[in-house]
Each structure stands twice: as structure tokens, then as C-alpha cells.
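This report refers to the structure that appears directly beneath it.
The values are calculated or read from the model by the stated rules, or taken from the named source; none is laboratory data. What you are looking at is a predicted structure, and each value in this text was computed from that prediction instead of being measured. A quick note on method: Cβ atoms are made from the backbone with ideal geometry, for glycine too, and the neighbour counts reach across all protein chains shown. These accessible areas exclude ligands, DNA and RNA; they are computed on the full protein's heavy atoms, side chains included. Shrake-Rupley method; radii C 1.70, N 1.55, O 1.52, S 1.80 Å.
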Amino acid sequence: MTSSNSALPKMAGYTIVAAAVYLVGLAAATFLPGNILGALEDIGAFALLVSAAYYGFRAFRWGKRRLLWKVRNKIIVSFAFVGIIPLIILLIIASTVLIIILKQVSGFYLEHELGVITETLDTAGRTALLDYLRPGDHSVAAARSAAEDGLRGLPFGLRHAAFLIYRTQHGSEEYRWIDTVVDPDNSPPLPPPMPAWVRDGYSGFTRDDQKVSFTDVVDLDSRTRLIIQLPFDQRTIDYLKRRTSLEVLLTRAPRENPSFQQAYASLGDAQQGFSIHWANPFKPIAWDTGQADELWSIALSVPLRTLLDYFFDQGTGPLIVLLVLLGVLFVAVEFISLVIGVAIARGITQSIHDIYSAVLSIQAGDFSVRIPSRRKDQLDNVAESLNEMSTSIVQLMGEIAKRESIEKELEIAKEVQIQLFPQQVPALSPLQIAASCSPARQVSGDYYDFLAHGSGHLDIVVGDISGKGISAALLMASLQATIRSGLGELNGDPRARISQVVRSVNRQLYRRSSPESYSTLVLSHFDAEKMRLSYCNAGHHPPLLFSEGRVSGLTIGGTVVGLFENWDFEAGEVTLRPGDLLLYFTDGVVEAANSEGEQFGTDRVTEIIRNNLFLTADDIQQLLLDQVFEWTGDADQADDITVVCIKVG
């Protein structure tokens, strides 16, 4: 679209230049004839034609887009191309073929009627010639009497024909005319003597002295010829009209007679109903030479009913009634089809309009809009789907609002939980301490804590509540409060103190939580003066102690806390040496799975730590976390991950 719009200024500049070139050329051709600058007129005109074609194409595209943007207009145009235009073309072709056939039939009808006239003349001529050739008198009076009898045998409209009898004498080959003129006012147009070419017989049109006539040669013996000549004049035309309803006009061919088209157009003006116009060209024979003459035409107009009567002997009444009924049926079917098509198109466009209006309303933020159900069809299913979508969007927006509220509450809970974790690791010589917790959700069910007692004693707590999310976080907060309350001040043997605190936590968690709630827990106490670590492992993954090339797990303790009310927990003790490393972690580390479902495992943890014992506690902890997240890749974190790394300096 951008490139198309940018082409308009360029074409406008091109048009201005083309107009300027054209005007310069026009001025040069006007004021300086013969100057070479006059050629610019043609160049400019051609350039302007190119510009006009471009703007015409752009106008066509613009009009097409505006016209066909609405579905209703597209359906109307498709109806026109699929139904109306082919129907119009079919009607034009059918009417053209019918008219051509009717015109040809009218020509055949004229030829038939002219043949009837020729046969009538031939019959009357043979009767007259038989009367003349009877034994007895062959005088001029006898010839005229025979001609009179022949004329009386013709219909009234044909009695202006001329009968010419030619006869040879014994021993002579020349035919001589015997005067048969009955009425001097009806003198024959064919002067004697008889042309030689007529001896072999002839029936057709002849022309002499600009008069066209029917000519028929009758011969009953070798010595006598009867030539019957009927002028093709107004009397003959009137006879044809009375007999057949034909209107006939005899004239030269159109190219030689400028008035032919006007006369041809005037035919049939006085007739009732539909009539067929046609023109039959022919070449009459020149009487004196026997050669084909110049082209003439018989223009005719024949009523359609006359043609039908001619080809259907039973009459055209039933046929016309049948044609009218078929026409009425065709019009009725077309009208019904049009009404049905308009109704279907209106239903389609109305449904699309409803859908389009609903989409605009939804786009504007009104999700309460509903599309009315008008009919059971595919568009109605689309409308129902859109209504369901609007309802789903409203419900989804409500769910999103609730979820946002929950997310906001979770953010608050997360902030609160962060405050429960140690804000900084304690500084206790000679230990390096690093700790972190990565929750699988907003809040975590893992728990770690440090409680310092003076400058040489430190309690270390790592726990993992069953489950994840809010319930685990709440249980973790309760567990933390219980542990901190139970640890209190240092007194007596650290192992006895730790065991007592774990037993107390177990009883309270059992009594205050649901039966399926429990927690794993490792409670440790470090004495910096004696370099001893006392601990109690309540069902947790054993912390790993890396000391002098060996790896051991802190396993002494008991089962998980919260499942059994009365359970006895033991405490163990280990001595730490410089360079030792103690690693606490939750099951989120060893159970982290890759895309193929394979878990990270304790062996990989051990191998990573053993190969990097020279690093600081912070670096080891970060390296382990990086390796775990690299192992899981793009998979969602399945469980909380907590790591506490303690290295003896």
C-alpha cells in the first residue's frame, strides 16, 4: 500500500511533464509549421494516454475495493456473473438464432409462394396452348382466343400477365410471334422476336427495359413455344399480400439503391403483431442476352403467425398458447428464484452484519453483546460460538482478576517469607557459609535457618515441608516458629538438646496439621571451640560431609516429623577438620529431571563437589545450582531447591 501510494506523486509529475511536452509540441505545430518541435505533440499525446490508462486502472481498483468491500455487494456481483449475465447472454444467443431461423424460413415461404404463382401460370399456359394446338384454325384470332381462355383461368390478381405464342413454319428454324395481345393497354414488355436462349425452356425472373417479370416457357411440341410473362409490379405485390399477408418490396441491391434501408424499415408498419423482415437477393436474366443481370433484392415482411400457420397445418392457436404458458412459467420460475436468492443473500448478509457489529463491540470492550439466533445454519453456529466466546472472555476476565488478586497476595506472602529466611549468613570463624532457596512457585515449602549463640556456637536448620505453595509455606512458618522457640538458650549436652527439640517439633506438627502433612528436617549445632557438629536427621536427604578425600552422609536421627506422635529421635556427632565441606540440600536438587525424565541424582552432586573442593563455599554453591538448572533445561522447576554449603577454612 505504501509503495502504491508513493507512486501517485511520481505519476502526477510524469503527467505534468507529458502535458507540458504536448503543449509545446502543439504550439510549435501551430505557429512554426514544419518545425521539428512539432513532433513533441505526438510524443506528449502518447505520454498522456499512458497516464490516462494508469489513472483509469487506479480508479478501477479503487471502485472495485469500495464496491466489493461489503459481503452483500460481493454476493450481488457473484449472482450477476453466475446467473443473470449468462442468462442474458443465453437469451441473446437464443433470440439471435431464432430470428435468423425465422428470417430463413420467411425466405423459404416467399420462394414457395413464388413457386405457386409459377405453377399457376404454367398450368394456365398449358391449357391455352392446348386450345391453340387443336386441329383446325391456327390463325391470329385463334391465338388470341387461346390467350383469353388462359387469362380467364388465372386468379384475378394475376390476369395482367401476357401470353406470347411463337411458332415455326415448315422447313424453318426461326420462331415467329403470333400476335396474342388481348388488351392493348396490357402490351407485353418482351418484344418479338423470341431470343434463341429461350428455346431450351426457362422459368424464373427476367428483366427487360428496367422491368422485372416472372417468365415461364411452355412447349408442347417442337414447333410451338408459349412464353408467359407476369410483371413483378404493384398488382402482383398486392396479389401476394392478399393471398399470404406478405409485404413485398422489389428494388435494386442496397449498395446500388440508397433508399433501400428506408423502404426496408417501413415494411410491416401496418401489420398487427410481430413480423419478420428479410431480404432475398437474386439476379434476373437479361431478356436480350440470356446472361445474369445486376443484383436485385426482394424485401419482405411476413407476420410471425402466418409463418407458424404455414409450418403447422393444425393452426397456431394451441402452439401460441403453449409458448405463452412456457414463457409465463419461465418468468415465474425466474422471479421465484430471484426472490429465494435475495432472501438467502439477505440472510447471509444480515448474519455477517450481526457478527461484524458484535466483533466491533467486543473490540471496544463491550463483552455483554449477544448475536441473535436467526436460523440454524453454519453462520448461526459461528454466531453462537462468538456468543460463547464472549461469555468465556467475561469469565476469563473474572478468573484473571481473581488470579491477579491471588498473585498479589502471593507476592505479599513471598515478601513475608523472604523475611523469615536469614537476611545474611552468620560470620563464624573458621566457617565459610553460603545458603540459597529457589522456590518452584511464588512461595517455598523449603526452610533453612541459622541461630548464633555467642561467638562460638551456631544452630543450622534445613527442612522440607511436604507439598508446595501456600499450604507448605504456612506450615514452614509454623515449623520455623516452633523450632526457634524450642532451641532457646544453650544448656547441657548439644545432642540431647537437639533430640529434645526434634521430638517436640514432631509432636506439635502431628497435633496441629492434617494427617498427610509432614516435614523432613536436619537440625545441627556447631561448636567452634571443639570443632564438633552435633546433628539429628529426621528423614531428610543426608547432608554430605567431604573430609580427607572421603564422602559420608549424616544419617543418624529418625523418621520424618509430623507422621507419628511419639517417636524417639537420636543425635549424632562428627568432628570437622580444616578443608572439610558440609553440604545440606533438599530433594529438589537430586530429583531435578531433564527432558527425558532422568533425575540429577546424588552421584552427580558428589562428583561436582569432589572435583571443586578448592573453591569457596559461595562458588561451590553457585556451581551446583548452575549444573542443576542446566540439567533441567527449559523444563519447569518441579520442586523447591535449597542448598546450604559450609566449608571449614
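Considering segment 172-214, the residues that are aliphatic (A, V, I, L, M) and surrounded by 14 or more Cβ atoms within 10 Å (Cβ to Cβ) include one that is modelled with the lowest pLDDT, namely Leu190.
Residues are listed down the side, and each one gets a yes or a no for (1) surrounded by 13 or more Cβ atoms within 10 Å (Cβ to Cβ); (2) within 20 Å of Leu523 (Cβ to Cβ):
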{"position": "Gly572", "(1), (2)": "yes, yes"}
{"position": "Pro578", "(1), (2)": "no, no"}
{"position": "Glu598", "(1), (2)": "no, no"}
{"position": "Leu623", "(1), (2)": "yes, no"}
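In segment 509-527, the condition of being open to solvent by 50 Å² or more (accessible area, probe 1.4 Å) and closer than 26 Å to Asp619 by Cα is met by no residue.
Restricted to segment 273-292, and to residues there that are open to solvent by less than 30 Å² (accessible area, probe 1.4 Å) and either in a loop (DSSP other than H, G, I, E, B) or in contact with a His (Cβ under 7 Å, 6 or more places away or on another chain) (or both), the residue that is farthest from Leu250 (Cα to Cα) is Gly290. Does segment 402-412 contain at least one residue that is among the hydrophobic types (A, V, I, L, M, F, W, C), modelled with pLDDT of 80 or more and open to solvent by less than 80 Å² (accessible area, probe 1.4 Å)? No, every residue in segment 402-412 fails to be among the hydrophobic types (A, V, I, L, M, F, W, C), modelled with pLDDT of 80 or more and open to solvent by less than 80 Å² (accessible area, probe 1.4 Å).
For the structure I just gave you, tell me whether Gln627 is within 60 Å of the chain's Cα centre (by Cα), assigned to a helix (DSSP H, G or I) and more than 30 Å from Gln500 (Cα to Cα). Yes; evaluated as a whole, the condition is true for this residue. For segment 33-78, the candidate set comprises residues that are under 23 Å from Ile352 (Cβ atoms) and in contact with a helix residue (DSSP H, G or I) (Cβ under 6 Å, 6 or more places away or on another chain); within that set, the residue that is modelled with the lowest pLDDT is Leu68. Within segment 91-106, one or more residues are modelled with pLDDT of 75 or more and either basic (Lys, Arg) or touching a Ser or Thr at 6+ places or on another chain (Cβ under 8 Å) (or both). Counting only helices (runs of 4 or more DSSP H) wholly contained in segment 24-141, the ones carrying 1 or more residues that are in contact with a strand residue (DSSP E or B) (Cβ under 6 Å, 6 or more places away or on another chain) and open to solvent by less than 90 Å² (accessible area, probe 1.4 Å) occupy 85-133. Selection within segment 492-522: residues that are farther than 25 Å from Leu475 by Cα and charged (D, E, K, R). The member of this set that is modelled with the highest pLDDT is Arg495. Of all the listed residues (Leu554, Leu563), the sole one being open to solvent by 40 Å² or more (accessible area, probe 1.4 Å) and closer than 18 Å to Tyr447 by Cβ is Leu563. Evaluated against (1) modelled with pLDDT of 90 or more; (2) touching a Gly at 6+ places or on another chain (Cβ under 8 Å), His525 falls short on exactly one condition, (2). Residues being in contact (Cβ under 8 Å) with a residue 24 or more places away in the chain, crowded, with 17+ Cβ neighbours inside 10 Å and charged (D, E, K, R) are represented in segment 580-596 by at least one member. In segment 604-621, what count of residues is obtained for those that are open to solvent by 50 Å² or more (accessible area, probe 1.4 Å) and free of Cβ contacts under 8 Å to residues at least 60 places away in the same chain? Residues in segment 604-621 being open to solvent by 50 Å² or more (accessible area, probe 1.4 Å) and free of Cβ contacts under 8 Å to residues at least 60 places away in the same chain: 5 in total. Scan segment 632-649 for residues that are open to solvent by 60 Å² or more (accessible area, probe 1.4 Å) and either assigned to a helix (DSSP H, G or I) or among the aliphatic types (A, V, I, L, M) (or both) and jot them down. Of everything in segment 632-649, just one residue is open to solvent by 60 Å² or more (accessible area, probe 1.4 Å) and either assigned to a helix (DSSP H, G or I) or among the aliphatic types (A, V, I, L, M) (or both), namely Ala638. The residues of segment 351-368 that are within 26 Å of the chain's Cα centre (by Cα) and either at positive phi or open to solvent by 60 Å² or more (accessible area, probe 1.4 Å) (or both), listed by number, are His353, Tyr356, Val359, Leu360, Gln363.
For segment 596-627, the set of residues classified as polar (S, T, N, Q) and touching an Asp or Glu at 6+ places or on another chain (Cβ under 8 Å) consists of Gln599, Asn612, listed by residue number.
Taking segment 216-241 as the region of interest, how many residues are modelled with pLDDT under 85, closer than 20 Å to Val181 by Cα and open to solvent by 60 Å² or more (accessible area, probe 1.4 Å)? Result for segment 216-241: 1.
Here is the figure for segment 487-500: residues that are surrounded by 19 or more Cβ atoms within 10 Å (Cβ to Cβ) and basic (Lys, Arg) total 1. The residue of segment 452-486 that is modelled with the highest pLDDT, among those that are open to solvent by less than 10 Å² (accessible area, probe 1.4 Å), touching a Leu at 6+ places or on another chain (Cβ under 6 Å) and not charged (D, E, K, R), is Val461.
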